[in-house]
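The values are calculated or read from the model by the stated rules, or taken from the named source; none is laboratory data. What you see is a predicted model; the values in this text were computed from it and never measured. Glycine gets a Cβ as well: all are built from the backbone with ideal geometry, and neighbour counts include every protein chain shown. Ligands, DNA and RNA are stripped out before the accessible areas are found, and what is left, the full protein with its side chains, is counted by its heavy atoms. Shrake-Rupley method; radii C 1.70, N 1.55, O 1.52, S 1.80 Å.
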Amino acid sequence: MAFNDWDEVRTAYQVARLGTVSGAAQILGVHHATVIRHIDSLEGKLGAKLFQRHARGYTPTEAGQDLLAVAQSTDDQLAQLANRISGRGEEMTGELIITSIAVLAELLSPALAAFREAHPELTIKFLTDERLFRLEYGEAHVAIRAGNPPDQPDNVVQKFYNQHFGLYASKDYVAKRGRPESLEDVGEHVFIGSADEVPRAPFFAWLKENVPARNIGYQVNQVTAMRPALLAGLGIGFSTSWFEDGCDETVEVFPSRPEWNSQLWLVTHVDLHRTAKVQTFLAFLKDWAKSWPEG
């Protein structure tokens with residue numbers, strides 16, 4: 001197949017997605033006869049039926065499903081490329097897409113609010129997910145990532161903020177069960193650990209190595225689920241020092257240690273790194289973070 005077949009592939013994709021010729025024609029802005037002609041032409045070139053025709057519309061065959069998967073991926077990548085291209089230049093307009101781990105939302109939101117107030121012409125999208133958004137496809141302008149330095153090619157990586165984690169318990173837990181005197185002898189105390197076989201967070205990895213499995217009585221697969229469990233009295237768990245300082249619901253059981261800390265990184269793609277809105281946001285966020293507690 002040649003590049004000039006893309007119009008026909010895109011037509012087939014819309015037919016598969018919507019299930020009707022008329023729906024695809026409306027989306028594509030063409031006559032329904034053009035849609036039928038594209039489908040017939042594509043089936044002829046491929047030597048396979050892409051759709052089962054019936055009274056209610058078109059249903060993809062197995063071959064059609066294969067084509068749909070490829071077309072979906074291509075369509076997504078083209079949309080993401082367009083997003084990257086539109087992010088170039090000196091304009092402080094359009095979207096600014098920022099991705100981060102969810103646990104940082106409370107720390108970052110005041111900064112994002114202040115930046116949005118300073119630049120009301122921007123629409124800010126704040127995306128939190130366990131997966132890594134692909135900056136090379138324009139899924140985000142700025143990524144805030146934790147752990148080891150990101151090593152994806154064509155990314156600009158800057159050291160940002162060192163999150164300090166300590167071990168905390170609810171006041172109710174401490175009132176009922178007290179607290180361990182040392183981490184070398186935790187007695188019968190219950191800890192909140194990771195459900196992952198190989199925890200990525202440094203504090204979870206430390207806990208798995210240093211606290212007996214019998215003492216880890218509750219496990220979570222995301223850091224955001226840990227604090228609700230801690231507050232419910234399910235055990236002693238990790239939380240950020242910036243969140244717990246001054247909190248009247250929790251008690252610090254053990255202060256932060258260097259091996260529990262989580263380094264944050266600012267990551268941008270080289271194609272967008274020098275654009276006005278990315279540079280302005282990075283400078284703003286780094287300056288704002290100077291007021292954050294160190295531990």
Within region 261-293, tally of residues that are out of contact with any Leu (no Cβ under 8 Å at 6 or more places or on another chain) and not in a loop (DSSP other than H, G, I, E, B): 13
Number of positions in region 120-158 that are open to solvent by less than 40 Å² (accessible area, probe 1.4 Å), at negative phi, in a loop (DSSP other than H, G, I, E, B) and out of contact with any helix residue (DSSP H, G or I) (no Cβ under 7 Å at 6 or more places or on another chain): 3
Single unsatisfied condition, residue 173 versus (1) open to solvent by 20 Å² or more (accessible area, probe 1.4 Å); (2) in a helix (DSSP H, G or I): (1)
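Could you list all residues from region 114-131 that are in contact with a strand residue (DSSP E or B) (Cβ under 9 Å, 6 or more places away or on another chain) and over 16 Å from residue 262 (Cβ atoms)?
115, 116, 119, 121, 122, 123, 124, 125, 126, 127, 129
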Cβ pairs under 6 Å, 6+ apart, first in region 108-123 and closer than 15 Å to residue 92 by Cα, second polar (S, T, N, Q): 121/93
Among the residues listed as 27, 39, the single one being assigned to a helix (DSSP H, G or I), among the β-branched types (Val, Ile, Thr) and open to solvent by 40 Å² or more (accessible area, probe 1.4 Å): 27
Residue within region 102-117 that is open to solvent by less than 70 Å² (accessible area, probe 1.4 Å), modelled with pLDDT under 75 and in a helix (DSSP H, G or I) present: no
Positions within region 229-244 being open to solvent by 40 Å² or more (accessible area, probe 1.4 Å) and either more than 25 Å from the chain's Cα centre (by Cα) or modelled with pLDDT of 95 or more (or both), in sequence order: 231, 232, 234
Count - residues of region 203-228 that are farther than 11 Å from residue 238 by Cα, in contact with a strand residue (DSSP E or B) (Cβ under 6 Å, 6 or more places away or on another chain), open to solvent by 20 Å² or more (accessible area, probe 1.4 Å) and not β-branched (Val, Ile, Thr): 2
Residue 99 of a type outside the set (Lys, Arg), closer than 27 Å to residue 235 by Cβ and either modelled with pLDDT of 95 or more or touching a Ser or Thr at 6+ places or on another chain (Cβ under 8 Å) (or both): no
Residue under evaluation residue 1, criteria (1) over 30 Å from residue 116 (Cβ atoms); (2) modelled with pLDDT under 85; (3) part of a helix (DSSP H, G or I), criterion not met: (3)
Matching residues, region 250-272, being open to solvent by 20 Å² or more (accessible area, probe 1.4 Å) and not small (Gly, Ala, Ser): 251, 252, 254, 255, 257, 258, 259, 261, 263, 265, 270, 271
Failed criterion for residue 188 (all others in (1) part of a strand (DSSP E or B); (2) over 18 Å from residue 255 (Cβ atoms); (3) touching a helix residue (DSSP H, G or I) at 6+ places or on another chain (Cβ under 8 Å) hold): (1)
